[in-house]
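A short write-up of the structure that comes next.
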Protein chains: 2
Amino acid sequence: MGEFITRGYDATSMEDLSRAAGITKSSFYHHFAGKDALLRAALERALDGLFAILDEPAATTGSPLARLRYIVRGQVTVLQHDLPYVTLLLRVRGNTESERWALERRRAFDAQIASLVLAAVEAGEIRAGVEPALAARLLSGLVNSIVEWYRPGRTELPDDVVRAVFDGILPAAG
Amino acid sequence: MGEFITRGYDATSMEDLSRAAGITKSSFYHHFAGKDALLRAALERALDGLFAILDEPAATTGSPLARLRYIVRGQVTVLQHDLPYVTLLLRVRGNTESERWALERRRAFDAQIASLVLAAVEAGEIRAGVEPALAARLLSGLVNSIVEWYRPGRTELPDDVVRAVFDGILPAAG
DNA sequence: GTCTATAAATCGATAGAC
DNA sequence: GTCTATCGATTTATAGAC
């Protein structure tokens, strides 16, 4: 799994994976159906974690802004907890059926965020400094980019990210 | 080139590239030294474009905040102009010597941004709502994430991004 | 459950005719 | 410059002994 992250899915061979597991390639095939099955399981785990946030009570009740803050915070938490799986999800290009399935579900998740951003703007809770659809994309991009550098132990990260998103990454002093 | 973007570098074969060019694989090798040479040239182009921003007068004179705003704006402009090259750069994992070279130069670029963020905070020009090093990472992540969805034609994007970064992606209303 | 051996396909790259 | 043909290595995956 960690092999997929460091080298990339396509550049990682079953030989690489089995060696990392300390067994031969044949033995490795005894435990896992194949390369795509491994990928599929990892993508499912990441997507299940993300969609679970949307079903929580705090994500379905209250003002659009409060729900949005809760979801962003939860998104960072899932990213922390399932880092390798979410990382893999965010790097999928759509080369196989499993990858295309994951891309579609990811798009559905992002669309829910985008519609919530729009609702918060229309409710007058946040300012529309930039187009709501653009704001939603930049928001998702900022959150997702965390997988590129996060290492376990930074417990205050979710709150910091929420602050950066809603108060400004680099707000003017004064 | 576009093949590397849609399928990923590792999942794209020389056969794929030559077919896209309308010639056989052998003929393709007559024009290009090999797969790594293609990657290397693309990465160089992306990095040259990014580092060129740092050498411009507006990026080396004036207050840290003004320089930072100029660089962020320029970064988005380079990303728009050299989209496939920058996209490739941001997806490199470090599997070959060329990739490791590119990763190192990218880190040097990000480090310059980070030190400028720190200078702006210490000069009292921006607030330190979050740790400056974290703010710099989120800033780079937000900007880089644009390659995931940008399509030509959105000329006002650099200004919008600067606004989102310095005024807040989703600032509170009022 | 682990191994050796190997199949069948594909990979990056080259030889050499035209 | 383009082609057919092919090399040698590597790929995913399987067969079958222990």
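Bear in mind these aren't lab numbers, they're just calculated from the coordinates by the rules spelled out. Just so you know, these numbers come straight off a predicted model, no measurement behind them. Cβ placement follows ideal geometry from the backbone for every residue including glycine, while neighbour counts extend to all protein chains displayed.
Each peptide among B:112-122, B:134-144 gets the average number of other Cβ atoms lying within 10 Å of its residues, and from highest to lowest they stand as B:134-144, B:112-122. Here's the list of lysines a cross-link from A:Lys25 could span, going by alpha-carbon distance under 22 Å and ignoring same-chain residues fewer than 8 apart: A:Lys35. Residue by residue along B:112-121, Cβ atoms of other protein chains within 10 Å of the local Cβ number 1 on average. With neighbours defined as other Cβ atoms within 10 Å of a residue's Cβ, the residues B:Asp55, B:Asp159 order from fewest to most as B:Asp55, B:Asp159. May I ask you to report, in nm to one decimal and beginning with the shortest, the distances from B:Asp167 to the same position in the other copies, taking label points 7 Å along Cα-to-Cβ? Output for B:Asp167: 2.0 nm, nearest copy listed first.
I'd like the mean, over residues of A:4-11, of how many other protein chain beta carbons sit within 10 Å of each residue's own Cβ. All intermediate terms of the calculation are to be shown ahead of the outcome.
On the way: counts 0, 1, 3, 4, 10, 3, 8, 8.
That average works out to 5.
With a 10 Å cut-off around each Cβ of A:159-168, the average count of Cβ atoms from other chains is 6.
Kindly provide the helix-only [θ] at 222 nm of chain B, computed as the sum of -39,500 (n - 2.57) over DSSP H runs of four or more divided by all residues, to the nearest 500 deg cm²/dmol? List each step's numbers first, then the result.
Working: 10 runs with 123 residues, N = 174.
Mean residue ellipticity, 222 nm, calculated: -22000 deg cm²/dmol.
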